[in-house]
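> Here's a structure for you.
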Amino acid sequence: MSTGTFKYVPAGCCYSKFANLSVYWRPANNKSFKQRRINDKTIVYHCHDRDLIIIKESMNNELVIGGDYNLVVFDVFDMRNNHIYEMDYFMSNYMKSSDSDYSFKNTKKNPNITLLSDSGGFQIIEGRTDFIDPVDVAHWYDKNTHAGMVLDIPSSRIREKDILKRTARIQRLNNELMLNVCKKAELINIVHGSSLDNRLYYHEQTKNDKIPRIAIGGMKNYPIHEIIYTTLSIFKEDSSYKQYHILGITRQATLLALAYASLVPGLNITTDSSSHVQTAKSGTYFLHTPKLTQLILNSKSVDSEDWILPCQCPVCSIMKYANVMSKNVSWVTSLYALHNAFVINKFCKYAVECARQGRDTMNHLASLVVSDKTVRRELTKAFDLVDEYLESSTVKSAYAGNRSPILTPMDWGDSNDFTKRVLAALKNMEKYHATQKNKIPSEQRKRNTR
Ligand SMILES: [Zn+2]
């Protein structure tokens, strides 16, 4: 069998921010830089060698552009267009996009791109405990995505088995309801748990033959080797999934480990992150050198009108001048985000290339990318685990940690408070399912009462 794969998924691609942004451009010969704001949604730049017109929500914009302009539409949801980003996945979010139905835009018609969606339903970490209807989510998935996350209660921090058992049961019920609705879109099951044992238990409780993809939640702050240990262990337990998605990984070093783990035959790993959007908000512009480094582009840091962006991505090759990207208008943020996603994707592809060349190349890349000694040690352990698995299909017990994640108060809040929120969300969902009994066929229901 050939090796697995590792692909980056830019998350947080919400319709309101990543659709309908048009850039018209034409060659020009301007003596000096000028900008003109036409209206709320339209701005014109006269740069050294080009004129640019940027229009937000261009589909609803009345402006008529003359004949000699070339049009580029930056719209990740337009499947006819988005091969230009060289990405295999995009990920939207039901909670942030459910008011828009973009199925009319050939959303699903590009066979090379998989559109994923997160439910965004239980933002327990942000203090939400209300619920959204899994049936509504499923209808929206079926129209607008190839595969969507099942509606879960993120309980990765919960150590109490009885609570975990209840959240698993709710997810199992949600899965049945959603599967009844989804005719075209697939679902992605999610596993939670505060330890590997709990995760395997959770998987056993929630697995469903009709769900071909799986996601591992709550790993973001774990040491890198623990993430690899968990991923390989779950793969060893059940290697039938076509996708193993690690939810929300932002550290660059972890991307290296995941790229290396994709040498395991049959293990197709993805991970999503919204850092391309988060960083874009502050005008952060990523460079891949091969380490991802950050430039802040603003009127102070960009001292020349002819400062050319050091990147050939679809955004930068049109915008060309840093000066244009340093303008503080909201829609430039979307262009930053697209560029940043492009750079992270390039980095992940590069890491996979290095992994294919072997451990020595990977060690070398790690030495260029990671300077922190603790992180380097984690990464070495992670690489060792993969090597061990490739050799003997076992997950090295020496690194079998089941250790707690490195938690920061910002990520999780107070522990008791978190449990309270999970319990509140649970109660809401349990009440909901008490009224839904008739909608789940009886043989499925029996399984769910155990
Ligand atoms: Zn770029």
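> Take the residues in region 11-41 that are part of a loop (DSSP other than H, G, I, E, B) and modelled with pLDDT under 90, then tell me which one is nearest to the chain's Cα centre (by Cα).
From region 11-41, those part of a loop (DSSP other than H, G, I, E, B) are 11-14, 19-20, 28-33, 40-41; that's our starting set.
Filter again for modelled with pLDDT under 90, leaving 12-14, 19-20, 40-41.
Values: G12: 7, C13: 9, C14: 12, A19: 17, N20: 21, D40: 30, K41: 28 Å.
Here the residue is G12.
> Exactly one of (1) within 14 Å of the ligand (Cβ to nearest atom); (2) in contact with a strand residue (DSSP E or B) (Cβ under 7 Å, 6 or more places away or on another chain) is unmet by W331. Its number?
It is condition (1) that W331 fails.
> Which one is nearest to the chain's Cα centre (by Cα) among residues in region 265-294 that are within 14 Å of the ligand (Cβ to nearest atom) and farther than 15 Å from L335 by Cα?
Checking each candidate, the answer is L292.
> Same structure again: For region 342-355, how many residues are touching a Ser or Thr at 6+ places or on another chain (Cβ under 9 Å) and within 13 Å of the ligand (Cβ to nearest atom)?
Total meeting the criteria: 1.
> Being within 27 Å of L232 (Cβ to Cβ) and surrounded by fewer than 17 Cβ atoms within 10 Å (Cβ to Cβ) is true for just one of R128, R159, R172. Which residue is that?
Working: R128 fails: within 27 Å of L232 (Cβ to Cβ); R172 fails: surrounded by fewer than 17 Cβ atoms within 10 Å (Cβ to Cβ).
From the options R128, R159, R172, the qualifying one is R159.
One line per residue, one yes/no per condition, for (1) buried (at least 17 other Cβ atoms within 10 Å of the Cβ); (2) under 30 Å from E391 (Cα atoms):
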{"position": "Q252", "(1), (2)": "yes, yes"}
{"position": "A257", "(1), (2)": "yes, yes"}
{"position": "A261", "(1), (2)": "yes, yes"}
{"position": "Q278", "(1), (2)": "no, no"}
{"position": "G283", "(1), (2)": "yes, no"}
{"position": "Y321", "(1), (2)": "yes, no"}
{"position": "S330", "(1), (2)": "no, no"}
{"position": "S334", "(1), (2)": "yes, no"}
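> If you check every pair at least six apart or on different chains, which have Cβ atoms under 7 Å apart with a residue in region 312-323 that is in contact (Cβ under 8 Å) with a residue 60 or more places away in the chain first and a residue that is within 8 Å of the ligand (Cβ to nearest atom) and not in a helix (DSSP H, G or I) second?
Matching pairs, first to second residue: M319/L309; K320/L309; Y321/L309.
> Here's another thing I want to ask about it. Only one of A337, A382 is within 12 Å of the ligand (Cβ to nearest atom) and either part of a helix (DSSP H, G or I) or more than 26 Å from the chain's Cα centre (by Cα) (or both); which?
On the way: A382 fails: within 12 Å of the ligand (Cβ to nearest atom).
Just a single option satisfies the conditions, and that option is A337.
> Name the residues in region 295-310 that are surrounded by fewer than 19 Cβ atoms within 10 Å (Cβ to Cβ) and within 13 Å of the ligand (Cβ to nearest atom), would you?
Of everything in region 295-310, those that are surrounded by fewer than 19 Cβ atoms within 10 Å (Cβ to Cβ) and within 13 Å of the ligand (Cβ to nearest atom) turn out to be L295, I308, P310.
The values are calculated or read from the model by the stated rules, or taken from the named source; none is laboratory data. It should be emphasised that the depicted structure is a prediction, and the values quoted were computed from it without experimental measurement. Note that we place each Cβ from the backbone using ideal geometry, even for glycine, and neighbour counts take in every protein chain shown.
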